[in-house]
1. Among rounded, prolate and oblate, which fits the chain when a ≥ b ≥ c are the square roots of the eigenvalues of its C-alpha gyration tensor, a/c under 1.5 means rounded, and a/b larger than b/c means prolate?
2. Taking the Cα centroid of segment 128-142 and of segment 214-259, what is the distance between the two, rounded to the nearest whole Å?
3. Using only alpha-carbon positions, what ratio does the radius of gyration of segment 106-185 give when scaled by 2.2 N^0.38 Å?
4. What length, rounded to one decimal in nm, is gained on full extension from residue 162 through to residue 75, with 0.36 nm per residue of separation minus their alpha-carbon distance?
5. Just to be sure I understand the model, the point goes 7 Å from the Cα along the line to the Cβ. What's the resulting residue 127 to residue 99 distance in nm?
6. For a quick check: sort 241, 210, 73 by the number of other beta carbons within 10 angstrom, fewest at the front.
7. Give the span of segment 72-222's Cα atoms along each principal axis, as three whole-Å numbers ordered largest to smallest.
8. Relative to the longest principal axis of the chain, what angle (0 to 90°, nearest 10) does the C-alpha long axis of helix 250-267 take?
Ligand SMILES: NC(=O)c1ccc[n+]([C@@H]2O[C@H](COP(=O)([O-])OP(=O)(O)OC[C@H]3O[C@@H](n4cnc5c(N)ncnc54)[C@H](OP(=O)(O)O)[C@@H]3O)[C@@H](O)[C@H]2O)c1
């Protein structure tokens, strides 16, 4: 039985990845806080012929996570594939960001994926096989004024990937980094806002003219490209282009960022 773990499975991209991966011969561990949503997903996964286990956990609770990881995936019993999709977001100028916001984003978006990645990596390395998929963001490549803590943690995750992928490959473990642009999910509704609001932020994003893809489409592209063995995955096409452009022609990214900031300041609460 192939063992697959998905964090952030109760919503958005994680939920769609889990749905698309569900097929006979697989067991999926579905991780998030919202037990009801995870239970609904488990029913879908089982209807698709896979086995499912609901894991209702707060990823900020490192001790509870360690207990789960050690009991469900002890030494010698590694997972085959792990998708670390859980994350939170926030918007506001960095001068208005509080210490508690930094800690929230740091613990959820960087420390937690590192804790889960390391646990599974050790088991996979000992077995000489496995795949770990880290959900990052286009903002790791380009930065994102008005989302500084979020962009900083995603860049941290990218730094982890850039180094560990080489260690992993020699031990039979493949790492993938996924860097999406805008995807239509709940992450915006559930973000924290400082001196702005959900409505203002969505209006601003709407004026930028970038394509917003569905979570279903994002997951389809991720599952396909991971399956083909692609390590560095950007989506959709404009995200690949901007990620390529950022180190080569930073003045173009600067122009986009100045536009974001001007619009933000004009409409900020
Ligand atoms: N949407 C975009 O435009 C976009 C763009 C670039 C990158 N991404 C990245 O894509 C990934 C998926 O995001 P999404 O857009 O699908 O967001 P989403 O719909 O808000 O899903 C986020 C998931 O993370 C889980 N989560 C958050 N905090 C948690 C905690 N403390 N403990 C346990 N679970 C927690 C949520 O579960 P519960 O609510 O059940 O706790 C939920 O399942 C993230 O890494 C995000 O940064 C998204």
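1. prolate
2. For segment 128-142 versus segment 214-259, the Cα centre distance is 12 Å.
3. Numbers: Rg = 13.3 Å, N = 80, 2.2 N^0.38 = 11.6 Å.
The reported ratio for this selection is 1.14.
4. Values: separation 87, 0.36 × 87 = 31.32 nm, distance 2.57 nm.
Once the chain is fully extended between residue 162 and residue 75, it gains 28.7 nm.
5. Modelled inter-label distance: 4.2 nm.
6. Numbers: 241 12, 210 16, 73 21.
Least to most surrounded, the residues fall as 241, 210, 73.
7. 49, 34, 27
8. Between helix and principal axis, roughly 70 degrees.
Bear in mind that the values in this text are calculations on the coordinates, not laboratory data. Being a predicted model, the structure only gives us computed values, none of them experimental. In this analysis, Cβ positions are derived from the backbone assuming ideal geometry, glycine residues included, and neighbour counts consider all displayed protein chains.
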